[in-house]
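Colleague: A single structure is presented below for examination.
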Amino acid sequence: MLEDAKHKRFDMIFVEDISRFSRSAEDGIKIIKDLRELGIGVYFRKEGWDTLTDRHDFEFGLRIQIAQEESRIKSERLKWAMNRLHKKGGWNGAAPYGFDVEDAFLKVNDEEAEIVKLIYDLFTNQGYGLGKIARHLNANKIPTKTGVQWSQTQVSSILDNKLYNGEQRQHTIESADINRKLQIEIPEDEHIVFNYDHLKIIDDETF
């Protein structure tokens, strides 16, 4: 959008309210000033402000700071909830191939589990490489979780993932700044790890 603004492809941006525009006070204030220099205004419907004709820079700064703080608090609550779920052995996010999520816990998807076993067999017993495995799966019209074509990367991620051997490892990354979408890696000794026999698709020796 900002690139289009530089090329004058529009004259005005309409936004529902300040909190929807930016949750980073620093970024939001800078963007308003940059757009104003280009002759492009931002109209906030809820506040009734047009940044070209109304000068509410001070109040805008205060409100966007409040939105940023509300976003931070919400992020902290979410992190606490996810951490609590992880400690109970729960799972947040999409289910990996071979599994389903039921009531926030992983369970084996029997149909996909057979494909996981096939992938390991092709690799360990039949000497197939990653690309050949992907081509074999695609040629036999075996769907991925999302319906896209199999790739070497997807095959490799299945062969490398200890989850298929029953090790559920979470709390590996954490949001450092939700407003800038920055994440940090958690030290390995702080990971939350469970070893579940009921999630084991591949036996120890094969893995």
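Colleague: Identify all residues within the stretch 51-64 that are of a type in the set (Asp, Glu) and not in a helix (DSSP H, G or I); write none if there are none.
Modeller: ASP54
Colleague: How many residues does the stretch 23-68 contain that are among the hydrophobic types (A, V, I, L, M, F, W, C), crowded, with 19+ Cβ neighbours inside 10 Å and more than 21 Å from HIS7 (Cβ to Cβ)?
Modeller: Residues that pass the stated criteria total 6.
Colleague: Hand me the list of helices (runs of 4 or more DSSP H) wholly inside the stretch 1-50 holding 1 or more residues that are more than 19 Å from GLU69 (Cα to Cα) and either touching a Ser or Thr at 6+ places or on another chain (Cβ under 7 Å) or modelled with pLDDT of 85 or more (or both).
Modeller: On the way: elements: 2-6, 18-21, 25-37.
Because the criterion is at least 1 residues that are more than 19 Å from GLU69 (Cα to Cα) and either touching a Ser or Thr at 6+ places or on another chain (Cβ under 7 Å) or modelled with pLDDT of 85 or more (or both), the helices (runs of 4 or more DSSP H) in the stretch 1-50 that meet it are 2-6, 25-37.
Colleague: Go through the stretch 48-73 and count every residue that is among the polar types (S, T, N, Q) and within 21 Å of LEU38 (Cα to Cα).
Modeller: First pass over the stretch 48-73, keeping only residues among the polar types (S, T, N, Q): 51, 53, 65, 68, 71.
Narrowing further to those that are within 21 Å of LEU38 (Cα to Cα): 51, 53.
Of the residues in that region, 2 qualify.
Colleague: Please tell me if LYS79 is under 30 Å from ALA25 (Cα atoms) and either at pLDDT below 95 or not aromatic (Phe, Trp, Tyr) (or both). So that I can check it myself, show each step before the final result.
Modeller: Working: under 30 Å from ALA25 (Cα atoms): yes; either at pLDDT below 95 or not aromatic (Phe, Trp, Tyr) (or both): yes.
Spelling it out, LYS79 is indeed under 30 Å from ALA25 (Cα atoms) and either at pLDDT below 95 or not aromatic (Phe, Trp, Tyr) (or both).
Colleague: Report, ordered by the first and then the second residue, all pairs with beta carbons closer than 8 Å, sequence separation of six or more or different chains, a first member in the stretch 101-114 that is free of Cβ contacts under 8 Å to residues at least 40 places away in the same chain and under 18 Å from ASN165 (Cβ atoms), and a second member that is crowded, with 18+ Cβ neighbours inside 10 Å and among the hydroxyl-bearing types (Ser, Thr, Tyr).
Modeller: GLU112/TYR97
Colleague: Taking GLY93 as meeting all but one of (1) in a helix (DSSP H, G or I); (2) small (Gly, Ala, Ser); (3) free of Cβ contacts under 8 Å to residues at least 24 places away in the same chain, write down the number of the exception.
Modeller: In the conditions (1) in a helix (DSSP H, G or I); (2) small (Gly, Ala, Ser); (3) free of Cβ contacts under 8 Å to residues at least 24 places away in the same chain, GLY93 misses (1) alone.
Colleague: Restricting to the stretch 71-91, give me the number of residues that are of a type outside the set (A, V, I, L, M, F, W, C) and either open to solvent by 60 Å² or more (accessible area, probe 1.4 Å) or within 30 Å of ALA139 (Cβ to Cβ) (or both).
Modeller: Quick first cut of the stretch 71-91, residues of a type outside the set (A, V, I, L, M, F, W, C) only: 71-72, 74-77, 79, 83-84, 86-90.
Applying the additional criterion that residues be either open to solvent by 60 Å² or more (accessible area, probe 1.4 Å) or within 30 Å of ALA139 (Cβ to Cβ) (or both) yields 72, 74, 76-77, 84, 87-88.
Number of matching residues: 7.
The values are calculated or read from the model by the stated rules, or taken from the named source; none is laboratory data. Everything quoted here is computed from the prediction, not taken from an experiment. Because the Cβ atoms are built from the backbone with ideal geometry, glycine has one as well, and the counts that use them run over all protein chains shown. Remember, those area values only see protein heavy atoms, side chains included, never the ligands or the DNA or RNA. Shrake-Rupley method; radii C 1.70, N 1.55, O 1.52, S 1.80 Å.
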